[in-house]
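Step one of this worksheet: look at the structure below.
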Amino acid sequence: MADLLVKLYSLPESGGVCAALKEKGVEIKRAIGPEKSAVVGWVLANFSKAWASEADVAFSQNPPGLFIAVKDGGILGFACYDATAKGFFGPIGVAETARTGGLGTGLLLRTLEAMREAGYGYAIVGWAGPVDFFEKTVGAVVIAGSEPGVYKNMVKG
């Protein structure tokens, strides 16, 4: 899997997507400290130890570099930034039962907007799986020669 580059200065606005989600009772919000256990536990239960570790790291920033999609007090998805390395977006994950209706798009756009607001001009989507989703949604382009990138010597356990 390769890394992707996203121009943050030419993002589509998240407002319409987030408003449509809100009409369905879904809120995309920045996570706060007291939610750390619930969020990291949810990521671990639904994805992997590595992603749970990155979510944990995202909480070490102030404000946390992590957005969650919430409905009726339950988590439906999450997205992080600056968890693997500065300027990196990801991971992003949506519950299997909620993978339609724009939830991933809303999380992606809102998190990338936060990166732009923090002063980044570009974001790197590390080790991107669904390249076509990122290309279509935010105009991401593959960074040639980026595999395995920062993940080269990662300890797995």
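Structure data summary
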quantity	calculated
Single condition ASP56 does not satisfy, out of (1) of a type in the set (D, E, K, R); (2) buried (at least 16 other Cβ atoms within 10 Å of the Cβ); (3) in contact with a strand residue (DSSP E or B) (Cβ under 6 Å, 6 or more places away or on another chain)	(3)
Some residue of region 135-146 being assigned to a helix (DSSP H, G or I) and over 14 Å from the mean Cα position of the chain (by Cα)	yes
Filter result for the condition that a residue is more than 15 Å from ILE28 (Cα to Cα) and of a type in the set (S, T, N, Q), over THR84, THR111	THR84
Subset of region 104-134 (residues that are out of contact with any helix residue (DSSP H, G or I) (no Cβ under 7 Å at 6 or more places or on another chain) and in a loop (DSSP other than H, G, I, E, B))	ALA118, GLY119, GLY129, PRO130
Test result for GLY74, without any contact (Cβ under 8 Å) to a residue 12 or more places away in the chain, small (Gly, Ala, Ser) and farther than 24 Å from GLY157 by Cα	yes
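All of the numbers you see were taken from the coordinates with simple rules; none came from a lab. Just so it is clear, the model here is predicted, and its values are computed rather than measured. When we count neighbours, we look across all protein chains shown, and the Cβ atoms used for this are built from the backbone with ideal geometry, even at glycine.
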